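Enquirer: My structure is below; once you've seen it, I'll send some questions.
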Amino acid sequence: MNTIAIIGGGAAGLMAALSAARAGADVTIYEHNASVGKKILASGNGRCNIINTSACSDDYAGANPQFAQYALEQLPYAAFETFCHSIGLLLDSKEDGRCYPLSNEAKAVLIAFKSAVTEAGVKVLTEKKVTALFKEKGRFVVQSDQEKKSYDKVLIATGSEAAPQLGASADGYHFAKSFGHDIIPTYPSLVQLQLNSKIHSKMAGVKTHAEVTLYVNNKPKEKVRGDILFASYGISGLAILDISQKASYALMKKQRVEIGINLLPRFDAQTLSATMEKLFSSVPNHSIEAVLSTLIPAKTIVHLLEETAIKPMTAVSRLLPKEIKKLTCLIQDWRFEVTDTHGFKHAEVSGGGVATAQINDKTMESKLVKGLYFAGEVLDVVGRRGGYNFNFAWASGMIAGKEMGK
Ligand SMILES: Cc1cc2nc3c(=O)[nH]c(=O)nc-3n(C[C@H](O)[C@H](O)[C@H](O)COP(=O)(O)OP(=O)(O)OC[C@H]3O[C@@H](n4cnc5c(N)ncnc54)[C@H](O)[C@@H]3O)c2cc1C
């Protein structure tokens with residue numbers, strides 16, 4: 001019987017184990033946490049955004065995002081839904097393509113996978129950290145603690161370094177390297193950003209809807225709308241997570257990174273000026289601080305005024321046209337320099353990883369070492385927010401499992 005070791009009991013490892021076992025293989029999962037699937041439980045704020053119904057390679061970054069396309073095509077939403085039914089999991093897909101377990105609880109996903117792998121006869125070894133992987137007499141030797149066991153085939157599904165508190169490790173990269181694979185430099189993604197400013201910490205706790213433009217070396221790279229939240233270290237919120245992949249990649253490349261915040265994205269520049277003018281003429285004796293408080297979060301006003309050198313108590317009728325212009329410009333493009341991300345500890349995923357040029361996208365087998373497979377986030381494929389990262393983990397895990405089970 002075909003013997004298979006799967007290193008890592010996350011999304012990719014569980015899916016691969018199930019697919020290989022269903023194909024008749026003898027499968028063992030090595031997981032160093034006390035339980036498999038810790039990230040599944042923590043995902044989507046406890047809801048698990050399990051897949052995106054419209055995922056395609058455009059939703060991913062890496063040296064060759066196109067690598068993900070074949071795997072994604074093998075697991076379209078309808079096929080994933082049928083698969084989920086086969087493990088007793090019902091899904092709820094939203095209009096925007098995001099999909100969750102019907103119960104709205106991530107634990108439903110883990111319970112279904114755990115029951116299914118047990119039923120399929122997969123051996124799940126928890127609290128078993130794989131410390132070395134090598135080939136001896138044509139077979140793969142998996143070393144965990146003091147034990148060694150040999151297998152016909154091995155899948156490296158150890159994920160990335162993101163969220164080490166959930167068991168993430170860089171071990172997969174070390175194993176891959178030891179077999180001659182290249183590692184594309186890794187960087188945190190879907191992560192908060194640290195800012196170089198004296199005021200962000202004073203605005204900590206301010207949450208608002210904004211449009212955020214990412215500038216790399218002074219050129220606009222990406223524009224998104226969503227919530228932002230100032231914090232003691234810098235800035236977070238969904239809009240920030242959405243631009244973080246490109247920001248983090250640019251920081252890794254030592255490029256100059258800035259964000260421009262538009263606090264009133266519902267108005268274009270002209271409408272904002274007209275609205276302000278109208279407001280100013282209806283309450284000419286009110287202070288600029290009071291008038292602005294009807295438009296933007298109170299905690300931001302004093303800092304905006306400081307940057308434009310306008311005194312908060314100035315009556316709006318006394319403002320000079322150039323002061324008004326400066327203020328409206330700043331409200332719609334408030335620049336902050338980004339110095340760093342908030343790090344792997346706070347990141348949901350990692351960019352970079354095992355170079356996909358050395359992996360067969362139709363099988364997930366290494367092009368360098370026969371019988372060695374890779375799946376999930378350990379590869380140089382990183383998705384957007386919205387279920388795309390699990391999507392690739394399930395799809396690549398399924399392909400690897402089926403192939404290994406042959
Ligand atoms: C807080 C949070 C929320 C997220 N929410 C979402 C979401 O809603 N939707 C989405 O699509 N993505 C989400 N993600 C990303 C998603 O969780 C990952 O992309 C996905 O889990 C990757 O699957 P994987 O199997 O490749 O890696 P992992 O799930 O990380 O699995 C790897 C496993 O390998 C184990 N391991 C590592 N080294 C060793 C070793 N030496 N020996 C034995 N075991 C080892 C780890 O403990 C882990 O269990 C979220 C991530 C985080 C951190």
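Enquirer: Give me the number: length gained by fully extending SER86 to LEU320, i.e. 0.36 nm times residue separation minus the C-alpha to C-alpha distance, one decimal in nm.
Expert: Details: separation 234, 0.36 × 234 = 84.24 nm, distance 6.89 nm.
Working it through step by step, the gained length comes to 77.4 nm.
Enquirer: Same structure, new question: I want to verify a result. In a Gaussian network model of the chain, Cα cutoff 10 Å, which of these has the top mean-square fluctuation: SER366, SER273, SER282?
Expert: Most flexible of the set in this elastic network: SER282.
Enquirer: Something else now. Could you tell me which residue out of PRO297, ALA274, ILE331 lies farthest along the dipole of the range 269-334 toward its positive end? Charges go on the beta carbon: Lys and Arg +1, Asp and Glu -1, centred on the Cα centre.
Expert: Among PRO297, ALA274, ILE331, the one farthest towards the positive end of the dipole of the range 269-334 is ALA274.
Enquirer: In whole Hz and in residue order, list the ³J(HN,Hα) couplings for the range 380-390 that follow from phi through the Karplus curve 6.51 cos²θ - 1.76 cosθ + 1.60, θ = phi - 60°; x for Gly and Pro.
Expert: Running phi through 6.51 cos²θ - 1.76 cosθ + 1.60 with θ = phi - 60° gives 7, 9, 10, x, 6, 6, x, x, 6, 6, 4 Hz.
Enquirer: Still on this structure, please answer the following. Highest first, please rank the peptides 394-400, 1-7 by the mean number of other Cβ atoms sitting within 10 Å of their residues. Present the calculation step by step, with values, prior to reporting the outcome.
Expert: Details: 394-400: 28.7, 1-7: 21.9.
With the highest mean Cβ count within 10 Å placed first, the list reads 394-400, 1-7.
Enquirer: Which entries in LYS362/LYS402; LYS129/LYS153; LYS137/LYS177; LYS128/LYS149; LYS114/LYS362; LYS114/LYS367 show an alpha-carbon gap greater than 22 Å? Each step should come with its number before you reach the end.
Expert: Values: LYS362/LYS402 11 Å; LYS129/LYS153 18 Å; LYS137/LYS177 20 Å; LYS128/LYS149 12 Å; LYS114/LYS362 27 Å; LYS114/LYS367 31 Å.
In this structure, LYS114/LYS362; LYS114/LYS367 exceed 22 Å between Cα atoms.
Enquirer: Provide ASP380, ASP242 in ascending order of the number of other Cβ atoms located within 10 Å of each residue's Cβ, fewest first. Present the calculation step by step, with values, prior to reporting the outcome.
Expert: On the way: ASP380 28, ASP242 21.
Arranged by neighbour count, lowest to highest, ASP380, ASP242 become ASP242, ASP380.
Enquirer: Assuming R0 = 35 Å, can you tell me the calculated FRET efficiency for the pair MET313 and LYS345, based on Cβ-Cβ distance, to the nearest 0.05? Show your work: numbers first, answer last.
Expert: Working: r = 43 Å, r/R0 = 1.23.
Rounded to the nearest 0.05, the efficiency is 0.20.
Enquirer: Which Cα, out of TYR100, ALA25, PHE67, lies furthest along the positive dipole direction of the chain (beta carbon charges, K/R +1, D/E -1)?
Expert: Farthest towards the positive end: PHE67.
Enquirer: For LEU379, which sequence-distant residues (separation of 5 or more, or a different chain) have an amide H within less than 5 Å of its own amide H, given hydrogens modelled in the peptide plane?
Expert: VAL354
Enquirer: Where nothing but the Cβ of Lys and Arg (+1) and of Asp and Glu (-1) is charged, how large is the charge dipole of the range 269-334 around its Cα centre, in debye to the nearest 20? Walk me through the intermediate numbers first.
Expert: On the way: 7 positive and 6 negative charges, 27 e Å.
Dipole magnitude for the range 269-334 comes out near 140 debye.
Enquirer: How large is the charge dipole for the chain, taken about the Cα centre, if only the Cβ atoms of Lys, Arg (+1) and Asp, Glu (-1) carry charge, to the nearest 20 debye?
Expert: Working: 46 positive and 39 negative charges, 105 e Å.
Around 500 debye, computed over the chain.
Enquirer: What ranking do TYR60, TYR215 get, fewest neighbouring Cβ atoms within 10 angstrom at the top?
Expert: The most exposed by this proxy come first: TYR215, TYR60.
Enquirer: Could you tell me the calculated FRET efficiency between SER103 and SER178, based on Cβ-Cβ distance and R0 = 41 angstrom, to the nearest 0.05? Mind dumping the intermediate values first?
Expert: On the way: r = 42 Å, r/R0 = 1.01.
So, using R0 = 41 Å, E works out to roughly 0.50.
Enquirer: In sequence order, what are the phi-derived ³J(HN,Hα) couplings for the range 73-88 according to the Karplus relation 6.51 cos²θ - 1.76 cosθ + 1.60 with θ = phi - 60°, rounded to whole Hz, with x for glycine and proline?
Expert: Whole-Hz 3J(HN,Hα) from phi for the range 73-88: 5, 6, 10, x, 3, 4, 5, 5, 4, 4, 4, 4, 4, 5, 10, x.
Enquirer: Return the sequence-ordered ³J(HN,Hα) values of the range 251-262 in whole Hz as given by the Karplus equation 6.51 cos²θ - 1.76 cosθ + 1.60 applied to θ = phi - 60°, using x for Gly and Pro.
Expert: Those phi angles translate into 4, 4, 7, 6, 8, 7, 10, 9, 10, x, 9, 9 Hz.
Enquirer: Quote to one decimal, in nm, the extra length available between SER35 and LYS148 on full extension: 0.36 nm per residue of separation minus the C-alpha distance between them. Working shown, then result.
Expert: Details: separation 113, 0.36 × 113 = 40.68 nm, distance 2.12 nm.
Roughly 38.6 nm would be gained on extension.
Enquirer: For GLU337, project a label point 7 Å along Cα to C-beta. Then give me every residue of the range 250-273 with its amide nitrogen under 11 Å of that point.
Expert: From the range 250-273, the list is 256-258.
Enquirer: Per DSSP H run of at least 4 residues, take -39500 (n - 2.57); add these up for the chain, divide by its residues and hand me the 222 nm value, nearest 500 deg cm²/dmol. Intermediate values should be presented prior to the final figure.
Expert: Working: 12 runs with 132 residues, N = 406.
Calculated at 222 nm, the ellipticity per residue is -10000 deg cm²/dmol.
Enquirer: If you average the alpha carbon positions of the range 61-95 and of the range 235-296, how far apart do those two centres end up, in angstrom?
Expert: 37
Enquirer: Let me ask something additional. Mind giving me the FRET efficiency for SER281 and CYS329? R0 is 25 Å, r the Cβ-Cβ distance, nearest 0.05 is fine.
Expert: Numbers: r = 21 Å, r/R0 = 0.82.
The computed FRET efficiency comes out at 0.75.
Enquirer: Continuing with the same structure: When the chain is modelled as a GNM with alpha-carbon springs shorter than 10 Å, which of THR275, THR363, THR53 fluctuates the most?
Expert: Judging by the Gaussian network model, the answer is THR275.
Enquirer: Helix 106-119 versus the longest principal axis of the chain: what is the Cα-based angle in degrees, 0 to 90, to the nearest 10?
Expert: Helix 106-119 sits at roughly 10 degrees to that axis.
Enquirer: Now a separate question. Springs between alpha-carbon pairs under 10 angstrom, Gaussian network model over the chain: which of VAL224, VAL378, VAL27 fluctuates most?
Expert: Per the Cα network of the chain with a 10 Å cutoff, VAL224 tops the list.
Enquirer: Just list whichever of LYS254/LYS322; LYS221/LYS370; LYS198/LYS221 have alpha carbons separated by over 29 Å in the model shown. Can you show the working numbers first?
Expert: Values: LYS254/LYS322 36 Å; LYS221/LYS370 40 Å; LYS198/LYS221 25 Å.
LYS254/LYS322; LYS221/LYS370, as the Cα separations exceed 29 Å there.
Enquirer: Moving to a separate point now. Distance between the C-alpha centers of the range 1-60 and the range 113-191? Whole Å please.
Expert: Centre-to-centre (Cα) distance: 12 Å.
Read the figures in this text as sums done on the coordinates, not as results from a lab. Treat the numbers as computed from the prediction; the structure is a model and nothing was measured. Here the Cβ is made from the backbone with ideal geometry for all residues, glycine too, and neighbour counts use every protein chain on show.
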